[in-house]
Amino acid sequence: MRKVRDYHAELKALEDKARALKARRVEQLGVLVTATGADALDMEMLAGALLDAVSAQEVQAKEAWRAKGAAFFQRRRRKGGQPAGGNGNSTGA
């Protein structure tokens, strides 16, 4: 006879995992803000800069930002620091 699945327990486990992943992502973003020195900016300025980056349509500007970010993580890795807020690749995944 087949074992009955506990869908409630499985759903709760998935929700807990999603919550943990979201908390980890928020923590990584906070570490990234601190590591880049952006924590010295006031909240409005930081939010404005991020909104401009998100809404930017220019591919060249986005590629320049990506290259600058990749260089930042490589410098940190060479100095022996922990990669701030990411997995160290520039794919955005």
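The values are calculated or read from the model by the stated rules, or taken from the named source; none is laboratory data. Computed from a prediction, not measured in an experiment: that's the story for all the values here. Don't worry about glycine lacking a Cβ; one is built from the backbone with ideal geometry, like all the others, and counts go over all protein chains shown.
Could you tell me whether Gly92 is modelled with pLDDT under 95, in contact with a helix residue (DSSP H, G or I) (Cβ under 9 Å, 6 or more places away or on another chain), assigned to a loop (DSSP other than H, G, I, E, B) and not acidic (Asp, Glu)? Here the answer is yes, as Gly92 does meet what is asked.
In this entry, Ala13 passes the filter for residues that are out of contact with any strand residue (DSSP E or B) (no Cβ under 8 Å at 6 or more places or on another chain) and at pLDDT 95 or above. Can you find even one residue in region 51-60 that is at pLDDT below 95, touching a helix residue (DSSP H, G or I) at 6+ places or on another chain (Cβ under 8 Å) and surrounded by 10 or more Cβ atoms within 10 Å (Cβ to Cβ)? Yes, region 51-60 contains at least one residue that is at pLDDT below 95, touching a helix residue (DSSP H, G or I) at 6+ places or on another chain (Cβ under 8 Å) and surrounded by 10 or more Cβ atoms within 10 Å (Cβ to Cβ).
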